[in-house]
Structure formats: C-alpha cells, structure tokens
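Heads up: the structure comes next, in structure tokens.
The values are calculated or read from the model by the stated rules, or taken from the named source; none is laboratory data. Source: prediction; values computed, not measured. A quick note on method: Cβ atoms are made from the backbone with ideal geometry, for glycine too, and the neighbour counts reach across all protein chains shown. Each accessible area value is taken on the protein alone, full model and side chains, heavy atoms only, with ligands, DNA and RNA left out. Shrake-Rupley method; radii C 1.70, N 1.55, O 1.52, S 1.80 Å.
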Amino acid sequence: MDTNLKDRRVLVTGGSSGIGRAMAKVLLARGAKVVITGRRAGLLDETVTELRTISPAVWSVAADVRTPEGRARTLGGALAALGGLDVLVNNAGGVRAGRLEATSEEEIATMIEVDLVAPILLTRAALPHLRASRAATVVNVTSGIALVGAPFYATYAAAKAGLAQFGEALRRELAGEGVHVLTAYPTGTDTPMMRTNRAGPDLGFAREDADEVAEAIVAGIETGAIAVVRGGEARLAMVALNRENPAAVDERLAVLKPRLEEAVRDHAAL
C-alpha cells in the first residue's frame, strides 16, 4: 500500500504543539489538507498562522476531545473544512507520573479519558466518513511505554497499551474494508508534554526531535506500515528483552528506581 498524501484530508488531534504540530507541518509539505484541534484557541490560532507559511490548506477547531460535545465539534469542524476525511490522527494525550497511590482519582480518570476513551470514541464517530474515502488511515499515537512499562507511569502505560491493542484489533476488524490502522510508538520526544520530566538518557528518557518523529509517522502513513517504533536499536532491543525475559528488565529498572522516581515526580501534562 502506497499513499500519495497530496489533497488527502487529515484531522490531527492535539495539533497545536509537539508531535501533532510537527505532523501537521510534514503533512502540509506533502500536499495534504489538514485540520488541527486542541483545547486552547489562542495557541491553535498561532499554530495555524505558522502552518500557513507552508500551505494555506490548514484550519483549526478548538475543542476538548474528552467530552461528547468536544468530539462532535472536532469531527464536525473537520468535515466542514475538508469536505470529508481520509486520515484521522489520534494524537491528543495527557500524562501524570508518580506513584499510583499519590495520583489522584481525577488524574487517573483524565489520563484514561484522553489517552484511551477519546480516541476510541472519535474513531467510532469518524468511521463512516473514513469508509467513504475507500483508502483511509487511522493513526494512533501511543508511546514506547506501551511496549515496555516503566515504573511511576502505571496508568499512562495502561492507557497507551490499551490504545495500541485497540489499534491492532481494529486493523484486523477493518482488513479489506478500505480503512488501515497504524500504531505509532514514540520514545521520549522533545515536546511541551515532556518539560516537567527531568529524567535523562541515563534513566531511559532520551529526547528525540519532534520533527524526526513526525517524519517517521508520516512515512508510515505513506507506505501503509502497521507500526512505527521510535528509539532506534536500543529501544528495539529493550522491547525484545521485555518480551523474552521481563525479569531482566525488572532488574535493570530496580537499580534506576530511586533516581527515576525523583526525576519524574513532577511530570504532568493534563
């Protein structure tokens, strides 16, 4: 499957910053028509102004995908601007790190709603429009933590792993029906979401450039990839070890645990 993105109609949630913003830049450069969404109207306006230096074919919708009203506004605004939908990028996300018992019920619920429930329900609502495309793609931006669970990210890992399995099951459900599903697994990426995370490469939190991650995901859309896993050979080796000998990964992380807890205890972007 090879997809030419010229004139393809794309909706990117969480598109005002980070990976979503970077993906919008790449998609517009490839000739796509793009709608970005987010909660902050001012930031969206700034982003659209920047993106229109690449292409005029970009619009925004200010909405919170956690709510039914926000999802309806998101999809309705995208369809009104684009006239249809060929690619849905479920990128909006939120995180709160720390020990489970120190994480509030509200923070836990918000992570599950933003990182798992919202993309499932938005995809469900978008499917009739994606089917009409006959060559559509759903992109679920998960996390490397969905492949190797890290301490102090229990709920975030659960939500992102759930989104990854949702994508895998849905890909098989829709096989042969004109809608492909791609799952992206970014490693630590240099985005606003990571600003309050003080963990560095020595603790397993290297920072990739958002533009590089975006280029890889868009290339995955173009080639019909099933998954895009970032982090290079080191990340792939850790994923393989976690599958074959999870106790060895437990031992590695146990050594890092005290320093990691301190470094991520303020990591929050909800």
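Numerical summary
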{"quantity": "Entirely in the range 1-111, the helices (runs of 4 or more DSSP H) that have 1 or more residues that are of a type in the set (Phe, Trp, Tyr) and open to solvent by less than 40 Å² (accessible area, probe 1.4 Å)", "calculated": "none"}
{"quantity": "So Thr196, is it closer than 19 Å to Val228 by Cβ and in contact (Cβ under 8 Å) with a residue 60 or more places away in the chain", "calculated": "no"}
{"quantity": "Out of Thr196, Thr189, sole residue that is open to solvent by 30 Å² or more (accessible area, probe 1.4 Å), among the hydroxyl-bearing types (Ser, Thr, Tyr) and modelled with pLDDT under 95", "calculated": "Thr196"}
{"quantity": "Subset of the range 124-151 (residues that are assigned to a loop (DSSP other than H, G, I, E, B) and open to solvent by 20 Å² or more (accessible area, probe 1.4 Å))", "calculated": "Arg134, Ala135, Leu147, Gly149, Ala150, Pro151"}
{"quantity": "Residue check, Leu121 open to solvent by 30 Å² or more (accessible area, probe 1.4 Å) and part of a helix (DSSP H, G or I)", "calculated": "yes"}
